[in-house]
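For reference, the structure is listed below as structure tokens.
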Amino acid sequence: MKVSEIMKAPVITVTPALPIEEAFEILRKKGIRHLPVVDDQDRLIGIISDKDLRQALVPANRMGEEKRYFYFKNLVFVKDVMTQEPLFVRPDTDVERAAYLMFTKKIGALVVLEDRRIMGILTRSDLLLLLIGILGMLKEGTTFLLEEDEGHKALATAFGAVSGLGGKVLSVAVEGLEGAKRPSYKFRVEIDRGKQPELFERLQEAGLKLGELEP
């Protein structure tokens with residue numbers, strides 16, 4: 001999967017000369033956490049986050065000021081708090097590569113560039129939404145843990161049992177590989193609630209060991 005498939009676009013940008021109070025208001029009203037900073041030719045020169053701005057602003061009611069916000073120290077404009085030369089990816093970058101970059105560099109967003117033009121932005125929230133979608137958590141279903149059997153037929157048996165009852169496997173995650181003699185499989189399945197007891201019965205009759213069950 002490529003970054004272009006899950007990034008957000010179009011992107012709201014700001015200029016380095018914008019007062020940080022106004023940048024904060026943009027984040028608050030739009031419900032976003034990051035703003036790329038561009039120069040007068042719309043080229044990326046920085047990025048700011050809600051965390052950057054919160055550290056630079058103190059609520060006015062704490063200071064007895066009439067203005068909503070009070071500037072902290074000498075930080076007045078976006079250029080004073082932005083991260084310069086931010087990391088970026090391209091639309092055709094693999095999502096796993098982008099996720100690895102965000103994790104290792106401890107950043108919350110990556111601007112997506114193509115030919116120096118901003119095409120979108122990828123955030124941790126986008127990656128989290130992708131993950132829960134892959135795991136089938138965005139659909140009604142049941143989750144259960146299945147331990148591998150000696151004949152290594154747990155996967156085939158489970159898939160057959162689910163489909164045989166008119167159900168659908170939404171996702172399978174492997175657990176306990178490191179140091180474990182046998183892996184366990186965490187299934188997320190879509191199946192009629194009335195048929196769930198029969199599904200679990202069939203799995204147990206096949207000699208498989210069921211672990212935790214979740215709605």
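Only the coordinates and a few stated rules stand behind these numbers; no lab work does. A quick note: this is a predicted structure, and the numbers were derived from the prediction, not measured. Note: ideal-geometry Cβ built from the backbone for every residue, glycine included; neighbour counts use all protein chains shown.
Tabulated results
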item: Rounded, prolate or oblate (a/c below 1.5 giving rounded, otherwise prolate when a/b exceeds b/c) for region 93-147 by Cα gyration tensor; result: prolate
item: Max mean-square fluctuation residue, GNM over the chain, Cα-Cα springs under 10 Å, options Asp126, Asp92, Asp192; result: Asp192
item: Peptide ranges 140-148, 128-136 listed from the most packed, as the mean C-beta count within 10 angstrom indicates; result: 140-148, 128-136
item: At R0 = 30 Å, FRET efficiency that the Cβ-Cβ distance of Lys29 and Ile132 yields, to 0.05; result: 0.65
item: Size of electric dipole in the chain: Cβ of Lys, Arg +1 and of Asp, Glu -1, about Cα centre, debye, nearest 20; result: 460
item: Binned Cα-Cα distances of the chain, short to long, each 5 Å bin given as a whole percent; result: 1, 6, 12, 13, 11, 9, 8, 8, 8, 7, 6, 5, 3, 1, 0
item: Mean Cβ count within 10 Å, highest first, over the residues of peptides 111-120, 98-107; result: 111-120, 98-107
item: Cα centre as origin, Lys/Arg/Asp/Glu Cβ charges: region 97-149 dipole, Debye; result: 580
item: Residue pairs, from the table Lys168/Lys195; Lys153/Lys209; Lys29/Lys51; Lys2/Lys168; Lys79/Lys105; Lys105/Lys186, whose Cα atoms sit over 20 Å apart; result: Lys2/Lys168; Lys79/Lys105; Lys105/Lys186
